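Input: one structure, supplied below.
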Amino acid sequence: KKTKEAIAASEEALNYGNTVEARVALAQLYLNDKNKEKALEQLAEAEKLRVPNYQVQMQIGMMYDQAGDKAKGDAARKKATELMKRMVEM
């Protein structure tokens, strides 16, 4: 029951700030609630925004795997690796 309440609160919070972190947190709540479809929707929305660093991008990749989309998980981890390389080059 607490998960449902947390999901409702997180969805409401998106009205005040559409951030990658909020989307990822909501996706995790949906995964905890075993709602993979909604989790995938939130991960896709998160990736439309500017992902702040490679750790968050890597987390998104792992969450795609948890939600059952290995291809998107692989793509997200590849993107995380590219972000990390760019950071090292700076």
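Just to be sure I follow: if Rg is taken over the C-alpha atoms of the range 23-90 and Rh is the Kirkwood radius over the same atoms, what is Rg/Rh?
1.00
Counting only heavy atoms of protein chains, what accessible area per residue, in Å², does the chain have with a probe of 1.4 Å?
Values: 5840 Å² over 90 residues.
Dividing the accessible area of the chain by its residue count gives 65 Å².
Further question on the same structure: If I compute solvent accessible area with a 1.4 Å probe over the protein chains, what percent of it on the chain is carbon and sulfur?
53
If the limit is 19 Å between Cα atoms, which of K48/K78; K36/K79; K48/K85; K36/K70 go over it?
As for pairs spanning more than 19 Å Cα to Cα, those are K36/K79; K48/K85.
Tell me, what is the FRET efficiency for M87 and E11 to the nearest 0.05, using R0 = 35 angstrom and their Cβ-Cβ distance as r?
0.60
While we're here: Regarding the range 1-59, what's the average projected area of the Cα-atom convex hull, expressed in nm²?
3.8
To continue, here is another question. What ³J(HN,Hα) values, in whole Hz, does the Karplus curve 6.51 cos²θ - 1.76 cosθ + 1.60 give for the range 54-69 when θ = phi - 60°, with x put for Gly and Pro?
With the stated coefficients, the range 54-69 comes to 5, 5, 5, 5, 5, 4, 4, x, 5, 6, 4, 4, 4, 7, x, 10 Hz.
Can you run phi through the Karplus equation (6.51, -1.76, 1.60; θ = phi - 60°) for the range 72-88 and list ³J(HN,Hα) in whole Hz, with x for Gly and Pro?
Couplings: 5, x, 4, 5, 5, 5, 4, 4, 4, 5, 5, 4, 5, 4, 5, 5, 5 Hz.
Go ahead and estimate [θ] at 222 nm for the chain from helices alone: -39,500 (n - 2.57) per DSSP H run with n ≥ 4, summed, over the residue count, rounded to 500.
Details: 5 runs with 71 residues, N = 90.
The helix-only estimate for the chain comes to -25500 deg cm²/dmol at 222 nm.
Taking θ as phi - 60°, what are the ³J(HN,Hα) couplings along the range 30-39 by the Karplus curve (6.51, -1.76, 1.60), each to the nearest whole Hz, with x for Gly and Pro?
5, 4, 4, 8, 6, 10, 5, 4, 5, 4
Give the longest segment of the chain that steers clear of trypsin sites (Lys or Arg not before Pro) in DSSP loops with at most 13 neighbouring Cβ atoms within 10 Å, not counting the sites themselves.
Value returned for the longest uninterrupted segment is 51-90.
How high is the relative contact order of the chain, in percent, with contacts defined as C-alpha pairs under 8 Å that are six or more residues apart?
Rounded, it is 22 percent for the chain.
Related question: For a quick check, take a GNM of the chain with Cα springs below 10 Å and name the residue from Q55, Q28, Q42 with the largest mean-square fluctuation.
The residue with the greatest mean-square fluctuation here is Q55.
The values are calculated or read from the model by the stated rules, or taken from the named source; none is laboratory data. Keep in mind the model is a prediction, meaning the values are calculated, not measured. Please note: Cβ atoms are built from the backbone with ideal geometry, for glycine as well, and neighbour counts cover all protein chains shown. Note: accessible area is taken over every heavy atom of the protein model, side chains too, but ligands, DNA and RNA are not part of it. Shrake-Rupley method; radii C 1.70, N 1.55, O 1.52, S 1.80 Å.
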